[in-house]
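For reference, the structure is listed below as structure tokens.
Quick note: the coordinates plus some simple rules give every number you see, no bench work behind them. From a predicted model like this one, the values you see are computed outputs, not experimental measurements. So basically every Cβ, Gly included, is an ideal-geometry build from the backbone, and we count neighbours across all protein chains shown.
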Amino acid sequence: MGSYEAEHGVSDRDPAAGPDDGPAESWAEHLRLGQDVRFVLVAVGGGAVRVAAQIARQHVRHVETVAINCDPQVQRFEEFDRRIYLGPDTGIETDTGGSPFVGGLLARAAEPALERVFRGATFVILVGSLGGGAGSGAFPHVLDVACRQAEVVSAFVIKPFRCEGERRALADRAIGRLQLVPSFVDRHERGQARLTILDNESLARGAGGRSFAGVPRHWADLIREHIETAFVAPVEAMIEAVQLAHAAELVAMSQLPDAAATPLGIVPPAPPLPVGLPPILPAARGGAEAELTFEVDAEVRPPPTL
């Protein structure tokens with residue numbers, strides 16, 4: 001078994017290596033969003049790919065997009081930067097027939113390709129549609145690789161509608177297995193991972209007759225907002241604050257005649273960073289300490305309608 005991987009516009013440079021130049025003490029000033037700090041959105045399973053495709057079409061700044069499925073049709077989603085078809089290496093296109101067991105085997109065989117996707121990633125947002133071969137079978141392995149390779153992982157899993165019967169039961173069993181994946185448990189205990197359940201049935205009941213077509217759009221909007229407000233915007237603000245503080249320090253230094261002319265040779269300290277920014281820059285570059293705390297969420301349910 002093997003995997004087919006298609007990609008476009010993705011650099012082969014190893015993001016984990018850090019900036020190409022610049023002194024170690026000024027690492028934060030040279031960070032490039034999308035390269036040194038990577039945001040990766042990965043969808044696994046047919047339903048999740050359709051949800052993430054709506055996000056990919058909006059070109060969220062700095063975000064790489066990846067589609068993974070056991071259905072060869074995934075190769076046709078050109079909105080994504082990478083498309084990975086989990087299938088046999090015989091050259092014959094096939095799918096799992098809805099079997100999570102087969103999906104798990106295919107994902108394990110494709111682990112080298114999955115490691116390439118997540119290697120050096122800073123923030124990973126996973127979206128899985130549970131109940132089928134890819135979602136219930138492959139997604140746990142994708143989550144495992146992501147938690148071993150990336151620094152912060154935020155996973156969203158979509159439960160089928162109640163009318164889908166056995167698929168919904170498979171989804172419930174998959175959710176139980178996800179919370180036992182060792183690498184996820186380790187990340188969660190360190191405050192670097194979260195799992196959010198998106199229930200199609202709860203959304204349909206609470207939305208006053210929302211159409212089936214409107215459900216993926218709702219989840220896409222929710223996940224896109226999460227990416228922008230929880231990851232991209234805070235990191236942009238933090239890097240900007242570091243750069244402004246460094247620039248102010250340079251201006252203050254330039255206004256001093258020399259260190260000898262300053263009483264006791266004391267150089268004024270740099271202005272403090274703005275208060276309230278979340279400390280979520282990666283700790284692996286330059287020795288800075290960082291921590292981002294996440295909690296495992298309960299099922300997302302919309303507010304009751306009046």
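Summary table below
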{"quantity": "Pair ARG119, HIS246: separation of 7 Å Cα→Cβ label points (nm)", "calculated": "2.7"}
{"quantity": "Relative contact order (percent, whole number), the stretch 134-195, Cα cutoff 8 Å, 6+ residue spacing", "calculated": "46"}
{"quantity": "Built amide H within the under 5 Å cut-off of VAL37, gap 5+", "calculated": "ARG32"}
{"quantity": "11 Å reach of a label modelled at GLU166, 7 Å along Cα-to-Cβ, counting backbone N of the stretch 30-48", "calculated": "none"}
{"quantity": "Gyration tensor (Cα) of the stretch 130-261, equivalent ellipsoid semi-axes in angstrom", "calculated": "45, 20, 9"}
{"quantity": "Taking the stretch 112-155 and dividing mean pair separation by its residue count, relative contact order in percent (alpha carbons under 8 Å, at least six apart)", "calculated": "56"}
